[in-house]
Amino acid sequence: MYDVLILGAGPSGLAAAIYAGRANLKVGVIENMMPGGQVLLTESVENYPGTVKGESGMELIMRFEQSAKDFGAEFIHDDIVEVELAGDVKVLKGANNEYRSKTVIIATGSKRRKLDLPGESEFIGRGISFCATCDGAFFKNKDVFVIGGGDAAIEEAVYLTRYAKKVTVIHRRDELRAVKSLQIKAFENEKIDFMWNTVPVAFIGEGLLTGIRVKDVNTGEEKVVESSNAGENIGVFIFVGNLPNTEKLVGHIDVDKSGFIFTDKEMRTNVSGVYAAGDVRVKTLRQVVTATADGAIAAYDASKYLEEK
Ligand code: NAP
């Protein structure tokens, strides 16, 4: 029986493990892949206080993980397929084992949202990607298109200019959602162009992706954009927001219409003894710093809950 079981080992889960471990609780962290979550895809973390200049998401996470281990957290590799959260003893059923705990902190994070357009699934891995740091190098001196106008799209567009001949950001409005500092970087970069008020409607090619059918949202006019080098394959990086990893939890816990978990300011969900922290919960700012803060608050409240029980 654990005092605290943490589901997910991204920044929020690892911060919760550090705080719960430091409170002398018996802590388990369950992860179905490797610790880290989405920050592993970040080549350089610039906005987490105290990060070492040029440090990657992976390096930062390794230090988080070590701290959690130093405070006694046990790491478990399993895929949770079913949960029973309502009683005093919470049960998490995994593919390998069953786990029991007095409290649970859900820190399962989120994943990239797809557009669900014709050709999208077909060209994933053949021109379409959701991760610039993973796949950018495949498009050396090629024309690359980024879909979206948020922080992820603009940060990754700037990153992609290292490899691409040109990066065109296709955005559905005429202004970006990304923070000003990222916008300035993108506007100053000569390799980046913008296609405003435009959405993709289909992805085209034979074997490899060579074109995107796009629509002007104001006029409804459609056209196909292709490589400036006729017939050459192109890269498309899609960054249109995230979806929460809560599929196994829906029906057990209150979530919004997209599946993000509702919490109060102490990270409590509607189920007693169950918390949510990080990108998986309803919140406005999804960053490493807010994820770690959520994890700390959830662990602190879980330890108070255990004392009062
Ligand atoms: P986001 O902030 O939700 O932005 C999604 C972008 O995609 C928006 O520009 C949106 O357009 C566009 N979009 C959504 N649905 C679309 C559709 N069907 N067709 C075309 N465009 C569509 O998502 P994100 O950029 O992935 O960021 C997610 C969270 O992570 C945010 O909280 C962000 O701040 C954080 N993040 C932070 C950093 C950093 O701090 N360096 C880096 C990456 C992500 P509209 O603008 O018109 O809505």
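Nothing in this text is a laboratory measurement; each read-out follows from the coordinates by a stated rule. It should be emphasised that the depicted structure is a prediction, and the values quoted were computed from it without experimental measurement. Every residue, glycine as well, gets a Cβ built from its backbone with ideal geometry; the counts of neighbours run over all protein chains shown.
Keeping to pairs on different chains or 8 or more places apart, tell me how many lysine pairs in segment 120-238 have Cα atoms under 12 Å apart.
On the way: Lys140/Lys165; Lys140/Lys166; Lys142/Lys165; Lys142/Lys166; Lys142/Lys191; Lys165/Lys191; Lys166/Lys191; Lys215/Lys223.
Within segment 120-238, the lysine pair count is 8.
Among Lys140, Lys53, Lys283, which one shows the highest mean-square fluctuation when the chain is modelled as a Gaussian network with alpha-carbon springs under 10 Å?
Lys53
Calculate the tail of P(r) for the chain: the fraction of all Cα-Cα distances greater than 35 Å, expressed in %. Let's see the in-between values first.
Working: 13386 of 47586 pairs.
Tail of the P(r) past 35 Å holds 28 percent of the pairs.
Run the quick spin-label model on Asn24 and Glu206: label points 7 Å from Cα toward the beta carbon, then report their separation in nm to one decimal.
7.2
Cross-link partners among aspartates and glutamates for Lys309, C-alpha distance below 16 Å, same-chain residues fewer than 8 apart left out?
Hits, sequence-local ones excluded: Asp3, Asp88, Asp301.
Name the most mobile residue of Ala137, Ala73, Ala298, meaning the one with the largest mean-square fluctuation, in a Gaussian network model of the chain with Cα contacts below 10 Å.
Of Ala137, Ala73, Ala298, the most mobile in the Gaussian network model is Ala137.
For a quick check, take a GNM of the chain with Cα springs below 10 Å and name the residue from Gly119, Gly50, Gly241 with the largest mean-square fluctuation.
Gly50
Name the residue from Thr51, Tyr19, Gly220 whose Cα lies farthest towards the positive end of the charge dipole of the chain, charges +1 on Cβ of Lys and Arg and -1 on Cβ of Asp and Glu.
The Cα lying farthest towards the positive end belongs to Thr51.
Helix by helix through the chain, keep the DSSP H runs that span 15 Å or more along the axis on Cα and average at least -1.0 on Kyte-Doolittle, and give those back in order.
Working: long enough: 11-22 (16 Å, 0.54); 57-70 (20 Å, -0.49); 288-308 (30 Å, 0.21).
Span-like helices in the chain: 11-22, 57-70, 288-308.
If the reach is capped at under 16 angstrom between alpha carbons, list the aspartates and glutamates near Lys93, excluding any in the same chain fewer than eight residues apart.
List returned: Glu31, Asp78, Asp79, Glu82, Glu84, Glu247.
How large is the dipole of the chain about the Cα centre if only Lys and Arg carry +1 and Asp and Glu carry -1, each at its Cβ, rounded to the nearest 20 debye?
Numbers: 37 positive and 44 negative charges, 54 e Å.
So the dipole magnitude of the chain works out to roughly 260 debye.
How far is the Cα center of segment 80-94 from the Cα center of segment 230-309, in Å?
18
Suppose R0 equals 30 Å. What FRET efficiency, 1/(1 + (r/R0)^6) with r the Cβ-Cβ distance, do Glu188 and Ser67 give to the nearest 0.05? If you can, show how the numbers build up before the last one.
On the way: r = 37 Å, r/R0 = 1.24.
Once the sixth-power term is evaluated, E becomes 0.20.
For segment 120-238, just run the numbers: alpha carbon Rg, then divide by 2.2 N^0.38 Å, N being how many residues it has.
Numbers: Rg = 13.2 Å, N = 119, 2.2 N^0.38 = 13.5 Å.
So the Cα radius of gyration is 0.97 times the expected 2.2 N^0.38 Å.
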